[in-house]
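For reference, the structure discussed in these notes is given below.
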Amino acid sequence: MIYKKTLTLCLSLLPFTGVFAQKDIQQKDVERIIRTLAADDMMGRKTFTPGVEKAADFISNEFKQIGLQPLAGDTDFKQEFKVFTLKPSKADIEINGSRLKPEEFFFSTVHRKVEWEEKAPQPIFIGENDDFRQGINKARRVEKDALVIIHPKHQEMFNRYAGYFKQSAPVTELGKGNTKIFVLSPLTQVTSFDIEIKNDVEELPLANVAGMIPGNRTDEYIVFSGHYDHIGTMQPVAGDSIANGADDDASGTTAVITLAKHFKKQAKPERTLLFVAFTAEEIGGYGSQHFSQQLNPDEIVAMFNIEMIGKGSKFGPNSAYITGFEKSDFGTLLQQAVKGTPYSFHPDPYPSQNLFYRSDNATLARLGVPAHTISSVQIDKDKLYHSVDDEVESLDMAHMTNMIKAIAMGAKDFVQGKKTPKRVDKTQVQ
């Protein structure tokens, strides 16, 4: 009877043995990495600052120590590229013989110089009784040059959009794309125009940090990613002006480094593993956009994008959710992989937050890759997001370490080539 009870107890413990398979994923190492990335001397890791460059150097050194290889064609772990900012040095617009005041127009362009003289496109009018948002969004979707005349009734919304456009977001290519000029005017007909815009251009360097573990299949990739940039400094709160970005997204970057170390200690993977720390996520996802252009998306089997896993989710300890759960069976396969363990994965409980499109996974998902973000932040309640209080001390390090173990466990069959998630339907992605 005692023997039977003992055997039953041992058998009942078997489903949990996988939990301890990731013994090399240690909380002390996780804490070492995240404390370095979220330290004050990184100054919030804002894009185009010495702080983000320092973070890139640290990640590169970690990849080197682990023994990763640079991506094919690269000589080191920094995947360098450039973006461009355009600042107007001249903007003269004359319509129907009248020169416009600067507050009466704004524009977007990727060209150093724009000259329209009797060659502007047929105007688009947003009239007094038209829906402004609907009209301007329709105009922005037009895949050619556009002159948009907006009735003064919409001046408040016009001014808000003008402020947004004048922030001069970087562009990845010069001269390839259209020009949109938005004018506040009661005109219902345009008979003549003379438009001249000149921009000063500044080149700005960026760099993803990427390494790989070659697999037996060199044309099948599994991507583990997180973004290492944050928002830098802000108005001081109680004397603290550094937005350290511990959860957002030093936690995800820490997971990427830790997973690289874990898989490097395993047998050679069946599929090739890529570990990427993206830059410039906070200002528009430029790092993931550049990365997506370096590979054939059809060869990327899955993307584990990791974002804000430093705190327990609404589902309890050692649980996380997967954005875009319904867009492929990626999440279902992860659920199956951790079944019978203390870990769990769930569908995104915050659909109204549109999280699937708010991280670097979206770029690859639009190309058909089963690319999803794994997160545990309670985004509807979290008060530390993009604040000076997003510090390591606010995180649950045990939970974070266990989520990295859960991701390692969930990815195992993908890595070994035993499971392949269904592709995302590109027509169903915004």
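Just so you know, all these numbers are worked out from the coordinates, no wet-lab data involved. Owing to the predicted nature of the structure, the values given are computational and were not obtained by experimental measurement. All Cβ positions, even for glycine, are placed from backbone atoms using ideal geometry, and neighbour counts span all protein chains on display.
Here the residues 391, 117, ranked from fewest to most Cβ neighbours within 10 Å of their Cβ, fall in the order 117, 391. Straight Cα distances below 15 angstrom link residue 418 to the aspartates and glutamates 220, 270, 329, with same-chain residues fewer than 8 positions distant left out.
With 29 Å as the limit, write out which pairs from 23/327; 78/268; 78/166 have Cα-Cα distances beyond it, or answer none. All intermediate terms of the calculation are to be shown ahead of the outcome.
Numbers: 23/327 33 Å; 78/268 24 Å; 78/166 31 Å.
In this structure, 23/327; 78/166 lie more than 29 Å apart at Cα.
Comparing 224, 107, 356 in a Gaussian network model of the chain (Cα springs below 10 Å), the most mobile by mean-square fluctuation is 107.
Note on the stretch 98-191: Cα-only Rg and Dmax are 13.0, 37 Å. Put simply, the C-alpha atoms of the chain give a gyration tensor, and the ellipsoid matching it has half-axes of 46, 22, 21 Å, longest first. If I build a Gaussian network model for the chain, linking alpha-carbon pairs within less than 10 angstrom, which residue out of 369, 183, 52 has the largest mean-square fluctuation? Its mean-square fluctuation being the largest, the pick is 183.
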